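Okay, so here's the structure we're looking at.
The values are calculated or read from the model by the stated rules, or taken from the named source; none is laboratory data. Quick caveat, the model's predicted, so the values are computed rather than measured. For neighbour counting, all protein chains shown are included, and Cβ atoms are generated from backbone atoms with ideal geometry for every residue, glycine included. Protein only, heavy atoms only, side chains kept; ligands, DNA and RNA dropped before computing areas. Shrake-Rupley method; radii C 1.70, N 1.55, O 1.52, S 1.80 Å.
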Amino acid sequence: MAEVTPPAAQAVATEAVETAAVAADVTAAAPSSDAPPAAGAVTAANLELTPPVIDDHAAPLVIDEPPAPAADSLPEINSPKSKSQQKSKPTFELAAEPEPEQFFIPPEPVSLETPPEPAAQPPLHFHAQRPSLFIVHITPEMAPVAKVGGLADVVFGLSRELAIRGNHVEVILPKYDTLRYDHIFEMHRVYDDLWVPWYEGAVHCTVFFGFVHGRKCFFIEPHSQDNFFNRGSVYGFNDDVLRYAFFSRAAIEFLWKAGKHPDIIHCHDWQTALVPVFLYEFYQRLGMMHPRICLTIHNFKHQGVTGAELLRASGLHQPERFFDYNRMRDNHHPNALNLLKAGIVYSNFITTVSPRHAFEAKEQGQGFGLEPTLHTHQTKYGGVVNGIDYDVWNPEVDLQIPARYGVSNIDAKYDNKRALRQRFMLADNEKPIVAFIGRLDPQKGLELVRHAIFYSLEHGAQFVLLGASPDHAINNDFWGLKRMLNDSPDCHVEIGFDDDLAHLIYAGSDMMLVPSRFEPCGLTQLIALRYGTIPVVRSIGGLADTVYDKDHSDRPLHERNGYRFDNYDALGLESALGRAIACYYEYPDHFRHLIENAMRADFSWNRPGEDYLNIYDFIRDR
C-alpha cells in the first residue's frame with residue numbers, strides 16, 4: 001500500500017527520490033476520495049483520500065540539517081518501536097456455543113408428541129484483534145497540569161481512553177513555570193542535550209519525564225534568553241507564534257534524536273500545526289518515514305497568523321515556496337503566513353470536535369477565512385464529538401459535592417440544591433435554579449446570558465452565574481450586574497472560577513444555560529447531562545450534536561434530554577427557557593423523565609476513542 005504524504009510534501013518527496021541519500025525511502029502519495037466525509041461519526045469504512053492541489057514545480061528546499069547529537073549525550077530512553085511494524089499473527093475468538101434448550105415435560109398426561117429439533121448451531125465468528133499503536137500527542141495544554149480551556153480536558157481524556165484500549169500513548173508539552181507540579185509524579189530528566197535548530201544556531205533544551213495521573217508525559221524546557229515558557233502564564237504574549245513554532249520544532253527534534261518512531265502524531269490547534277510541516281519538509285529526509293499526522297482543530301477563531309520572520313527562525317528558508325497559496329500563505333493576507341492553514345495542508349487527517357461544527361466551518365462561515373482550504377482538503381476532514389472524563393465528572397463518585405446520586409436515587413440531587421442555596425444565601429423555596437458556568441467571552445452569548453438572568457427572575461426561577469473574563473470591560477460589566485442584584489434572594493453572580501464550586505453548581509442546579517454564538521463542541525452541556533441538570537442550548541455546533549429537544553426532536557422519547565432554540569436573539573432564548581421552566585412547574589413527572597434521560601446518555605470517551613482509532617487505522621498505512 002502506498003504511503004501518504006500531505007499535499008505540500010509531494011514536491012519534497014519527488015525531489016528526494018532523485019537524491020542518492022534517500023532514494024529508497026521517499027515514496028509518497030497524496031490522500032484521495034470520491035466522496036465527502038460523512039456528517040456523523042468517523043469510521044474507517046467511509047474515509048478516502050483525494051489527490052492534492054499543489055504546485056509540483058517549486059524549487060527544491062535547502063535544508064539546514066540539525067546538528068547531530070554527541071554520542072555520549074544520549075541517555076537511555078524507553079522509546080518503543082511501533083508495534084504495528086512488528087509482524088504478528090492475528091488472534092481470533094470463537095463465539096461460545098449456546099447451551100442446549102431445556103424442554104419442560106409435565107408428568108400428567110404424558111405427551112406423545114415428538115419434541116422439536118434443537119435449534120441450528122450458530123456460525124462461528126472470527127474477530128481480528130486491532131493492532132496496538134504508538135501514539136504521541138503534541139499539545140500546548142493538558143489538564144490538570146497546564147489548563148486554559150477545553151483543549152486541556154480533551155487531551156487528558158482522549159490519551160487515557162487510547163491507552164486503556166491497549167495503545168502506547170505519550171504526551172509532549174512545554175515545561176511552563178506555571179505547571180501544576182503536584183499532579184506530576186516521578187518527574188526526572190531523561191534528555192540533557194537536546195539542541196534545537198533556531199535561526200542560524202541552535203537552542204539547548206532539557207527534556208523531563210513524569211506521570212500525570214497515569215499518562216506518560218515529556219516536558220521540554222528550552223534554555224534560551226527568549227525565556228519561552230517561564231512567563232507566569234500560558235498565552236497572551238506578542239511572540240506567541242514564535243514560542244510555539246519553537247516548541248513544535250523541539251518536539252519533533254526530540255522524537256528524532258530519541259529514536260522514537262510513532263505510528264501517529266496527534267497535534268492540537270495552531271500552536272502545534274507546524275509539526276506536520278517540519279516532519280514532511282525536514283525529518284522524512286532524515287529517516288522519519290513512518291509517522292502519520294492527525295490535527296485536531298478545537299477553535300477556528302485562533303489561527304496563528306504571522307509574517308516572514310517565522311520562516312527564518314524555524315529554518316524554512318524558501319519564502320517563495322511557503323508563501324505559495326497552496327501551502328502556508330493566509331487566504332486573505334498575501335504577505336502573511338497562517339499556521340493553522342499549514343497544518344490543514346500538511347496533515348494526513350484533520351478533525352474538529354463535532355460533526356455539526358465541521359460542516360459549519362466548511363459551509364457556513366465559521367472557518368474564519370479557512371473555508372476554501374477546508375473545501376480543497378474535505379476528503380481528509382471530519383468531526384468527532386468530544387467526551388468527558390467520568391472519573392472526574394460523575395455525581396455517583398464525586399467527592400466535591402455534599403450528596404452523591406445516580407439515576408436510581410435522583411432525590412439526593414436536591415440535597416445538593418439546598419447546599420447550593422446555603423452557599424449563596426438564596427431563598428429556600430420550590431423555584432428551579434438556572435445556571436451559567438463558563439468564560440465570559442462574546443462567543444458564549446453574553447447578551448443572551450444577561451437577558452436570561454432577568455427573564456428567569458421574572459418567570460419564577462432563580463439564577464446562578466460562575467465565570468470570569470480576561471477582558472476588563474466585560475468583567476466590569478458583570479461586576480455592575482452583581483452589585484445590582486446583590487440583594488436579590490433569587491440570584492447570585494460569582495466573578496471568577498472555582499472548581500469545587502463548579503461541581504456544586506452542576507449538581508445543585510435544575511437547568512444549565514449555553515446560548516453560544518458558536519460552539520465547536522462544548523463540555524458544559526455534557527457535564528450538565530451527567531449531573532441531571534437539563535441543558536438549554538442554542539442549536540449550533542456540538543450543542544446540536546448532543547442535546548435533543550424534549551418537544552421538537554425527531555429522536556425517540558427516551559433520548560430527548562434538553563431544550564434548544566435556533567435564532568440568536570431574545571425571542572429564541574425565551575422560547576426554550578420558557579418551555580423548560582413551564583415543564584418544571586406544570587409537568588414535574590415529565591421533567592423527572594428528562595433528568596433520567598440526561599443521566600443515562602453516554603458521553604464518555606468510549607465512542608470518540610473508537611472514532612479516533614478508526615482515523616488512525618485509515619491513515620497509518622497509506
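Inside the stretch 580-622, can you point out the residues that are acidic (D, E) and more than 24 Å from the chain's Cα centre (by Cα)? Working first, answer last.
Of the residues in the stretch 580-622, the ones acidic (D, E) are 586, 589, 596, 602, 610-611, 617, 621.
E586, D589, E596, listed by residue number.
Against the definition (closer than 20 Å to F565 by Cβ, open to solvent by less than 50 Å² (accessible area, probe 1.4 Å) and among the polar types (S, T, N, Q)), how does S516 come out, yes or no?
On the way: closer than 20 Å to F565 by Cβ: yes; open to solvent by less than 50 Å² (accessible area, probe 1.4 Å): yes; among the polar types (S, T, N, Q): yes.
In short, yes.
The residues of the stretch 272-329 that are of a type in the set (V, I, T) and surrounded by fewer than 24 Cβ atoms within 10 Å (Cβ to Cβ), listed by number, are V305, T306. Scanning the stretch 551-575 for residues being of a type in the set (D, E, K, R) and over 18 Å from F603 (Cβ atoms) gives a total of 5. Please verify whether A601 is more than 17 Å from S509 (Cβ to Cβ) and either touching a residue at least 24 places away in the same chain (Cβ under 8 Å) or of a type outside the set (A, V, I, L, M) (or both), treating the condition exactly as stated. Yes.
Scanning the stretch 413-430 for residues that are open to solvent by 20 Å² or more (accessible area, probe 1.4 Å) and assigned to a helix (DSSP H, G or I) turns up Y414, D415, R418, A419, Q422, R423.
In summary, P395 fulfils each of the numbered conditions (1) free of Cβ contacts under 8 Å to residues at least 60 places away in the same chain; (2) in a loop (DSSP other than H, G, I, E, B); (3) crowded, with 21+ Cβ neighbours inside 10 Å with the single exception of condition (1).
Of the set (1) small (G, A, S); (2) outside any helix (DSSP H, G or I); (3) at pLDDT 95 or above, all apply to A507 but (2). S224 falls short on exactly one of the conditions (1) of a type outside the set (K, R); (2) modelled with pLDDT under 95; (3) under 22 Å from the mean Cα position of the chain (by Cα), and that condition is (3).
Working carefully through the options Y612, Y563, find the one that is outside the structural domain of I534 (by TED's automatic domain parsing), open to solvent by less than 90 Å² (accessible area, probe 1.4 Å) and either modelled with pLDDT of 95 or more or not in a helix (DSSP H, G or I) (or both). Working first, answer last.
Values: Y563 fails: outside the structural domain of I534 (by TED's automatic domain parsing).
Of Y612, Y563, the one residue that is outside the structural domain of I534 (by TED's automatic domain parsing), open to solvent by less than 90 Å² (accessible area, probe 1.4 Å) and either modelled with pLDDT of 95 or more or not in a helix (DSSP H, G or I) (or both) is Y612.
Being of a type in the set (K, R), under 23 Å from the mean Cα position of the chain (by Cα) and farther than 30 Å from N614 by Cβ: is that true of R180 here? For R180, the condition - of a type in the set (K, R), under 23 Å from the mean Cα position of the chain (by Cα) and farther than 30 Å from N614 by Cβ - is met.
Residues are listed down the side, and each one gets a yes or a no for (1) more than 16 Å from A528 (Cβ to Cβ); (2) surrounded by fewer than 18 Cβ atoms within 10 Å (Cβ to Cβ); (3) touching a residue at least 12 places away in the same chain (Cβ under 8 Å):
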| residue | (1), (2), (3) |
| --- | --- |
| G460 | yes, yes, yes |
| S469 | yes, no, yes |
| N475 | yes, yes, yes |
| D490 | yes, no, yes |
| H503 | no, no, yes |
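Within the stretch 353-404, being in contact with a Ser or Thr (Cβ under 6 Å, 6 or more places away or on another chain) and under 26 Å from I505 (Cβ atoms) holds for V385, G387, Y390. Looking at this structure, is L577 open to solvent by less than 50 Å² (accessible area, probe 1.4 Å), under 25 Å from the mean Cα position of the chain (by Cα) and either modelled with pLDDT of 95 or more or within 24 Å of I401 (Cβ to Cβ) (or both)? So L577 does not fit the description; no. Would you be able to say whether some residue in the stretch 234-241 is surrounded by 14 or more Cβ atoms within 10 Å (Cβ to Cβ), in a strand (DSSP E or B) and at pLDDT 95 or above? Checked the stretch 234-241: no residue is surrounded by 14 or more Cβ atoms within 10 Å (Cβ to Cβ), in a strand (DSSP E or B) and at pLDDT 95 or above.
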